[in-house]
Amino acid sequence: QKEVEQNSGPLSVPEGAIASLNCTYSDRGSQSFFWYRQYSGKSPELIMFIYSNGDKEDGRFTAQLNKASQYVSLLIRDSQPSDSATYLCAVNGGGSYIPTFGRGTSLIVHP
Amino acid sequence: DTAVSQTPKYLVTQMGNDKSIKCEQNLGHDTMYWYKQDSKKFLKIMFSYNNKELIINETVPNRFSPKSPDKAHLNLHINSLELGDSAVYFCASSQGGGSGTDTQYFGPGTRLTVL
């Protein structure tokens, strides 16, 4: 049984700060890692994906992957109130193309 | 143009009824999915359909059945609805095939309420 774990939060950060969201996974064969953002009452939308160890940056977002420790994180720099949402970590690979989602971390960015 | 669309957006019905939710994608993707998101926001895969191959999450009751008339459509039929079926149901599509960058594109969701 593949498991993807996230702290449900809420994680509360002040505007302008760095928000750090973490995700761990159980299947060592996992190959691809995705971060989705879901606003309340809306559908999940992709922020970014990563599949190589290290950092991947896209604007204010940085995904970090450490396969040896089986964790992936998302950093949001200069957090804005509009970043307030639930962030879902998803993992696939290891023989299946169907992703396994974590329960999501609720992020609140307060002015 | 909406990439992945679902109808209806809201569905309120009585226990024991049979209902369907429709999903269409215009992305040319090979794979479509149905997810259930419960009140605690946990997004759980129900079905995946790829080139006539149906993969079923074994925990899904057989009251739920997917129907795919063609590659662009994957509808969800639910028989004998129960209170516990109340949730938001998301349709999604992806290029499929196990690509390392296989991104899910989600529809807007259908909020099902069983009374």
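A few comments on the model shown:
- For chain B, share of DSSP beta bridges that run antiparallel, in % to the nearest 5: 90 percent
- Looking at the protein assembly as shown, the DSSP beta bridges with both ends there are about 90 percent antiparallel.
- Only the Cβ atoms of Lys and Arg (+1) and of Asp and Glu (-1) were treated as charged; on that basis the dipole of chain A about its Cα centre amounts to roughly 200 debye.
- Counted charge near A:T105, where neighbours are those whose Cβ lies closer than 14 Å (Asp, Glu -1; Lys, Arg +1): +2
- 27 Å Cα-Cα threshold exceeded, pairs from A:K42/A:K67; B:K19/B:K71; A:K2/B:K41; B:K22/B:K44; A:K2/B:K9: A:K42/A:K67; A:K2/B:K9
- Assuming charge only on the beta carbon of Lys and Arg (+1) and of Asp and Glu (-1), the dipole of the protein assembly as shown about its Cα centre is about 340 debye to the nearest 20.
- Within chain A, antiparallel bridges make up roughly 90 percent of the DSSP beta bridges whose residues both belong there.
- P(r), alpha carbons of segment B:1-61 - 5 Å bins starting at zero, rounded %: 4, 13, 18, 26, 24, 12, 4, 0
- Computed from label points 7 Å out along Cα-Cβ, the spacing between A:S8 and B:S65 is 3.5 nm.
- Dividing the radius of gyration of the alpha carbons in segment B:31-115 by their Kirkwood radius gives 0.96 for Rg/Rh.
- A:N53-B:R111 FRET efficiency (beta carbon distance; Förster radius 41 Å; 0.05 resolution): 0.55
- For chain A, the relative contact order works out to 38 percent when only alpha carbon pairs closer than 8 Å and six or more residues apart are counted.
- For q = 0.08 Å⁻¹, Debye-computed log10 I/I(0) when each Cα of the protein assembly as shown counts as one equal scatterer: -0.29
- Charge tally in the Cβ shell below 15 Å around B:T59, where Lys, Arg are +1 and Asp, Glu are -1, B:T59 excluded: -1
- Normalised by 2.2 N^0.38 Å, where N counts its residues, the alpha-carbon radius of gyration of segment A:56-97 equals 1.41.
- Dipole of segment A:51-108, positive direction: furthest Cα of A:A85, A:Y51, A:Q70, with charges on the beta-carbon: A:Q70
- Residue-count net charge about A:R60 - beta-carbon cut-off 15 Å; Lys, Arg +1, Asp, Glu -1: -3
- Rg/Rh ratio calculated on Cα atoms of segment A:6-111 (Kirkwood radius): 0.96
- Dividing the mean sequence gap of close Cα pairs (under 8 Å, 6+ apart) by how many residues segment B:64-115 holds gives a relative contact order of 33 percent.
- Cα lying deepest toward the dipole's positive end in the protein assembly as shown, options B:G107, A:S32, B:T7, charges on Cβ: B:T7
No value in this document is a laboratory result; all are computed from the given coordinates. What you are looking at is a predicted structure, and each value in this text was computed from that prediction instead of being measured. All Cβ positions, glycine included, derive from the backbone under ideal geometry; neighbour counts span all protein chains shown.
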